[in-house]
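Before any comments, here is the structure.
The values are calculated or read from the model by the stated rules, or taken from the named source; none is laboratory data. What you see is a predicted model; the values in this text were computed from it and never measured. For neighbour counting, all protein chains shown are included, and Cβ atoms are generated from backbone atoms with ideal geometry for every residue, glycine included. Surface accessibility is based on the protein's heavy atoms, side chains included, excluding ligands, DNA and RNA. Shrake-Rupley method; radii C 1.70, N 1.55, O 1.52, S 1.80 Å.
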Amino acid sequence: EHRGYAVASDLGCQRCDCPALVKVLFVTEYGAGAYNPMKATLIGAVRALRPEWEVIDCHGLIRAYHPGGLRPLRLLNLLYMFGMLPLWSAVRRPDAIVSGTTPPLLQVWAAIVGPCFGARVISWLLDYHPEIEARWLDRRGWRRTASLLRRLDRIALERTHLVVGLDDAMVRAVQSQNARVDAVGHPTWDADSGATSDTQVQTPPQGGLR
């Protein structure tokens with residue numbers, strides 16, 4: 001719970017000069033609740049810190065976790081979310097989109113779509129796609145394809161307002177692609193127990209939902 005409040009603070013919930021009503025769209029593959037307790041905690045923290053904000057939870061058709069990103073149900077979720085994100089953005093008109101990283105490249109697509117509708121995009125980076133895929137391609141000698149993925153990532157980061165990563169190493173990896181992007185690390189789990197931790201909270205960056 002404390003971790004959710006720390007990340008919510010980085011989103012600007014305690015310190016930004018915002019209108020009386022800010023609309024925030026949370027977009028991840030799984031909905032807040034039993035299948036995504038981290039998302040539920042973060043949304044709860046945002047609502048507690050800024051009750052005047054409208055927080056909208058958007059998710060895939062399949063809310064239960066299914067391992068294997070290439071399985072039919074996961075691919076269905078990917079197609080659904082990539083197709084629905086422009087519609088959600090057009091209909092809801094959010095001031096900000098907080099995007100997870102599943103389905104893979106969701107935060108890249110959000111960074112492309114969100115600014116077209118006037119939304120600031122915050123990337124909640126739990127898995128660094130497409131860098132994961134780019135390194136896999138590099139190891140197999142497919143460097144041109146890996147380079148294309150990294151170029152796409154750099155384009156998306158140019159349009160991203162803030163990146164919240166799992167740790168300093170992830171932040172460094174992001175900033176190696178784009179040194180100008182505002183990024184901060186927040187460990188989600190304690191390294192020893194696997195439980196949510198409230199240590200190593202960093203000073204919030206200058207970004208957030210200003």
Give me the percent of accessible area attributable to carbon and sulfur for the stretch 83-188, probe 1.4 angstrom.
55 percent
Cα convex hull volume per residue for the stretch 110-177, in Å³, equals 77 Å³
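Take the eigenvalues of the Cα gyration tensor for the stretch 59-180, scale each by 5, and report the square roots as semi-axes in whole Å, largest first.
Working: eigenvalues 102, 75, 33 Å².
In descending order, the three semi-axes are 23, 19, 13 Å.
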Give me the one-decimal nm value for the distance between modelled label points at Ala169 and Ser147, 7 Å along each residue's Cα-to-Cβ direction.
2.8 nm
